[in-house]
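The structure under discussion appears below in the form of structure tokens.
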Amino acid sequence: MKFKFRHADKIVGLFTLVALLLLVIITVFAGVNNKWFTKKIYFTSLFTSADGLKVGMGVNLRGFQIGRVKNISLNADNRVDLDFYIYVTYHDRILHDSVLVLPSGLLGTSAALELYPGLVEGPPLPDGTFIPSTQTVEGKMLVKTRRVDRPAGGDAITDILTDLPEILDNLNETIVSIGNLTSSLETGIKGEGNDAFSSTVRNIEDISSGLDRSIRDVNDVTASLAALAVELEDPTGLVPTLLDPNGSLDTLLNDDNVLWDHILSILVQLEGAMAGVNSLSASLAGISPQMALTLDETIRSLKEAQKVMEGLQNNPLLKRGISKETVPENPGADMREDEF
Amino acid sequence: MTSGASRYIYVAVVIPVLIFAASCSTKPREPEEVYTRRKQADSLMLQGYDRTDTLHFDLAWFSFDAALDIYASLDNREGMIDALLALGRTKRMTGEIDSAEELFSHAWSLSSFSDNPRLTRSVLNHQADLALRQGNPVKAMDLLADREDEIIDGRERSAQLRLKGAARYAMGSEDEAAALLIEAAGVAEAADEAVAAAQAYYKLASMASLGARFDEAEEWALKALNADKSREYSPGIAADLRALAIISAKAGKKEAAEDYYRRSWLAWRGVGRNDDAESAKMELEILTGRPVTVP
């Protein structure tokens, strides 16, 4: 017997129609979720390396994705040009002085770029504007001079980790400058080279200002480490709270003060190194390869500090107690100015 | 199936599905919900408070001033009053009393149009503090007198009682002052305002120390320290440690004083108040009779 559907053609047609419908629905959903239909404002930025960057990675503002990376390319100066866009909904946040940051995450770099909006009032930056990254001098200075709205509530560990790479870069630059100065001094003494004396003087000025900046930076880190040391000492302080917000101190206290001692030993090293740097920088006569050695010692201490901080930050237990964004509360009229 | 029927099926199925899909789409949250210009002003206020704590008054002024501009553009009265008070406090601390008075008076004008008694009390507290610093405890007491709509709890109430205590102490009534300060600490603790409680304990410790009651002073200072620690309020912790150092030194407890000075030195450095850190270090060196390095 021949088996036959009476409305086979119609049923097949209906199934095809339903399949097409599903395809349309899925496409619409995907488009909406990926903001294909949202208007975008394009910007450019500059990085020194493409490490950690990839096309399609998000651009976040305080944890909210406000855009994506469109394109990455190596330019003629061997720097990395980055094109990205911001959804028009968030365009009003992209104010003058805004900076793009590639945060460091638990496993190297973060999955998304972070945008720190500028604090300057005014219209948003127009399409096609260049926004510096913190891998450029301009971006670093904007962050350093606090002209950007950097999320508050960062703990001491995060602050130290954020500041250290830049400080290490500056110190390394200073060391290279000292090396160059030494050779240019030799050239000047020998009377070789073009305009050797004036170039040497310029170098000295550059190194002096670079060194002053580095000394200030290292002093800041030393202060942050001191703060961390105090917090470690405080049984209700930041680190114990992070280790266990419920108040158990076992984790911290059972390490026989290893962490505390380690932080203190770094402080001692930094103090010693900085005393050396300060005495050497007191006069220009001190600028010599010996200073480079002293700075190198400082860098080693800072790198050790960085490792300890990374260890602390990478501890999954620390992730539990990160505090929420602080709301400003008027601290009151009187400060503690009483006599004892 | 005729082409007409197919069209009906299409219309009956596709359009409702599209409407459903559109209504269920993941609409991005409105910017105003998550990050507003108010937040920007709030960040500037926080920055200003931090800078005040580290005694960077010029920088603090810029932060508060910028915050005031934003709050004003938003017509945010509460924010404007807080910013004006913060600006006034900055001026008071740099000794520009006339400017401080003027700013507090602006804040008062704004608060008088507000029905918020907390704001009114906050302004009056700042004016009373200024009167106290000018050596006029009687005027301070007038400003601190309970009003008809007086708030009876929270940080501002605690500050009111604390300032009253300070005014009474300045007028020579130490017992009454102590009672008011203990009440201020109680009100603050009940409102979970540990730092405000610590301020009251700190003042009690100061009074006891100046009265040569060192055991009592140490007890109050330790209470202040514990309260500040519970909030990780570093400038408070540093001040408490220094107070404990002075009290211990006065009480002849050299070892304890040395320990407290060392910790206050580190704490001041941590806060970024290098002058205070240097003072603590110098006092420690005088106490021990030898130069000190990082422990």
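Set side by side, the residues A:Phe47, A:Phe29, A:Phe15 differ, and just one is hydrophobic (A, V, I, L, M, F, W, C), within 25 Å of A:Ala112 (Cα to Cα) and not assigned by TED's automatic domain parsing to the domain that holds A:Asp92, which is A:Phe29. Go through (1) at pLDDT 95 or above; (2) crowded, with 24+ Cβ neighbours inside 10 Å; (3) of a type in the set (Asp, Glu) and name the single condition B:Glu193 misses. With (1) at pLDDT 95 or above; (2) crowded, with 24+ Cβ neighbours inside 10 Å; (3) of a type in the set (Asp, Glu) applied to B:Glu193, the lone miss is (1). May I ask you to list the residues in the stretch A:59-95 that are more than 13 Å from chain B (Cβ to nearest Cβ), under 24 Å from A:Pro123 (Cα atoms) and in contact with a Leu (Cβ under 7 Å, 6 or more places away or on another chain)? Correct list: A:Val59, A:Val69, A:Leu82.
Yes/no matrix, rows are residues, columns are (1) surrounded by 15 or more Cβ atoms within 10 Å (Cβ to Cβ); (2) touching a Cys at 6+ places or on another chain (Cβ under 8 Å); (3) among the small types (Gly, Ala, Ser); (4) not assigned by TED's automatic domain parsing to the domain that holds A:Val99:
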position	(1), (2), (3), (4)
A:Asn33	no, no, no, yes
A:Gly52	yes, no, yes, no
A:Gly58	yes, no, yes, no
A:Lys70	yes, no, no, no
A:Leu74	no, no, no, no
A:Tyr85	yes, no, no, no
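Each residue in the stretch B:152-171 was checked for being away from chain A (no Cβ under 14 Å) and either open to solvent by less than 60 Å² (accessible area, probe 1.4 Å) or hydroxyl-bearing (Ser, Thr, Tyr) (or both), and 1 of them qualify.
Return the residues of the stretch A:47-65 that are touching a residue at least 40 places away in the same chain (Cβ under 8 Å), assigned to a loop (DSSP other than H, G, I, E, B) and either within 12 Å of A:Asp83 (Cβ to Cβ) or more than 16 Å from the chain's Cα centre (by Cα) (or both); say none if nothing qualifies. Scanning the stretch A:47-65 gives A:Leu53, A:Met57.
Taking every residue in the stretch B:88-106 that is more than 10 Å from chain A (Cβ to nearest Cβ) and under 17 Å from B:His56 (Cβ atoms) and pairing it with any residue that is surrounded by 15 or more Cβ atoms within 10 Å (Cβ to Cβ) and aliphatic (A, V, I, L, M), at least 6 positions away or on another chain, the pairs with Cβ-Cβ distances below 8 Å are B:Thr90/B:Ala60; B:Lys91/B:Ala100; B:Lys91/B:Leu103. Residues that are modelled with pLDDT of 80 or more, surrounded by fewer than 21 Cβ atoms within 10 Å (Cβ to Cβ), assigned to a helix (DSSP H, G or I) and of a type in the set (A, V, I, L, M) within the stretch B:14-65 comprise B:Leu46, B:Leu59, listed in sequence order. Quick check on my filter: what residues within the stretch B:66-96 are on the phi > 0 side of the Ramachandran plot and open to solvent by 60 Å² or more (accessible area, probe 1.4 Å)? Answer for the stretch B:66-96, where residues must be on the phi > 0 side of the Ramachandran plot and open to solvent by 60 Å² or more (accessible area, probe 1.4 Å): just B:Asp75. Taking the conditions exactly as written (open to solvent by less than 30 Å² (accessible area, probe 1.4 Å) and part of a helix (DSSP H, G or I)), does B:Leu110 satisfy them or not? Here the answer is no, as B:Leu110 does not meet what is asked.
The values are calculated or read from the model by the stated rules, or taken from the named source; none is laboratory data. Nothing here was measured: the structure is a model prediction, and the numbers come from that model. No Cβ is skipped: glycine too gets one built from the backbone with ideal geometry, and neighbour counts run over all protein chains shown. Just the protein is used for accessible areas: all its heavy atoms, side chains included, with ligands, DNA and RNA removed. Shrake-Rupley method; radii C 1.70, N 1.55, O 1.52, S 1.80 Å.
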